[in-house]
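Reviewing the structure listed below.
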Amino acid sequence: MDDSLARTLRDAVQAFASAGVHSALIGGSARNLYAPPRATRDVDFALEVASAEHFERLESALGLHGYTARTVVRSDEDDPLPDVAIFVDDDGHRIDVLVAKTPFERDALRRARPRSVLIGETVHVATLEDLIVYKLIAGRTRDVADIEEMVETQRLGGTEPDWEYVRGHARAWDVEGRLDRVLAGIDA
């Protein structure tokens with residue numbers, strides 16, 4: 001992990017802790033803990049945020065580290081909590097947050113496990129299975145490649161994902177066909 005990304009990760013973890021926000025590392029930085037590292041320019045987190053006031057505490061905590069919300073996405077204008085927010089500092093370091101709203105997202109936060117990731121902080125990281133589901137939902141070419149690389153690497157170490165768990169969530173998110181195509185590529 002390069003110094004810039006490590007600093008961004010440290011800033012995020014410290015801000016989340018000071019705001020009292022439970023988080024789980026997802027995205028490329030989490031993927032790099034399950035497969036040989038690839039380049040990534042931001043850190044992605046799923047967060048448990050209880051209220052609009054709680055989100056404001058989070059924004060303030062990130063602000064103390066120099067980050068401001070560049071993009072805030074709400075799928076429902078009446079919902080006081082965003083679905084996604086992208087925070088950026090003056091140097092372009094980026095922290096993407098996904099506010100956990102669905103049963104899957106809340107369960108993924110509960111299942112996340114603490115890991116040391118070379119920043120002097122403990123970071124909760126999404127499980128392999130939950131990260132696979134997140135990447136199936138995103139469905140980009142890079143996400144499919146990430147799933148393949150994570151599974152192949154974990155298999156070399158003797159670990160097989162809990163495919164029944166993944167399939168159940170893939171079905172719930174209507175991405176089971178995508179899972180079948182990924183599995184066909186992995187098992188080919």
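Just so you know, all these numbers are worked out from the coordinates, no wet-lab data involved. What you are looking at is a predicted structure, and each value in this text was computed from that prediction instead of being measured. Cβ coordinates were reconstructed from backbone atoms using ideal geometry, including for glycine residues, and neighbour counts include every protein chain displayed.
Relative to one another, the C-alpha centroids of segment 1-73 and segment 138-154 are positioned 22 Å apart.
When the Cα gyration tensor is reduced to axis lengths a ≥ b ≥ c, the ratio a/c is 1.5 or higher for segment 52-95, and with a/b not above b/c it is classed as oblate.
Rounded, prolate or oblate: which one fits segment 48-153, using the alpha carbon gyration tensor with axes a ≥ b ≥ c (rounded when a/c is under 1.5, else prolate when a/b beats b/c, else oblate)? Judged from the Cα gyration tensor, segment 48-153 comes out prolate (a/c at least 1.5, a/b above b/c).
Computed from phi, the 3J(HN,Hα) profile of segment 37-43 under the Karplus parametrisation 6.51, -1.76, 1.60 (θ = phi - 60°) reads x, 10, 5, 8, 10, 9, 10 Hz, with x in place of Gly and Pro. Listed by Cβ neighbour count within 10 Å, with the fewest neighbours leading, Arg10, Arg110 appear as Arg110, Arg10.
The slack in the chain from Arg115 to Glu53, taken as 0.36 nm per residue of separation less the alpha-carbon distance, amounts to 19.4 nm. Classified by the C-alpha gyration tensor, segment 99-188 has an oblate form. Its axis ratio a/c, with a ≥ b ≥ c, is 1.5 or above, and a/b does not exceed b/c. Computed from the Cβ-Cβ distance with R0 of 25 Å, the FRET efficiency linking Asp162 to Val73 stands at 0.25.
Exposure proxy ranking for Asp11, Asp83, Asp130, based on other Cβ atoms within 10 angstrom of each Cβ and starting from the fewest, stands as Asp83, Asp11, Asp130. For the peptides 96-103, 151-158, the ranking by packing is 96-103, 151-158, with the highest mean count of neighbouring Cβ atoms within 10 Å listed first. Subtracting the Cα-Cα distance of Ser18 and Ala184 from their residue separation scaled by 0.36 nm leaves 55.4 nm.
Computed from backbone phi, the HN-Hα couplings of segment 74-86 come to 10, 7, 10, 4, 7, 7, x, 9, x, 7, 9, 9, 10 Hz, rounded to whole numbers (Karplus: 6.51 cos²θ - 1.76 cosθ + 1.60, θ = phi - 60°; Gly and Pro given as x). Counting other Cβ atoms within 10 Å as a rough exposure proxy, the listed residues Leu64, Leu9 run Leu64, Leu9 from fewest neighbours to most. The HN-Hα couplings worked out from phi for segment 167-177 by the Karplus form 6.51 cos²θ - 1.76 cosθ + 1.60 (θ = phi - 60°) are 4, x, 6, 4, 5, 4, 8, 6, 10, 5, x Hz, whole numbers, x standing for Gly and Pro. Computed log10 I(q)/I(0) for the chain at 0.10, 0.15, 0.17 Å⁻¹: -0.39, -0.89, -1.12, from the Debye equation with unit scatterers placed on every C-alpha and solvent omitted.
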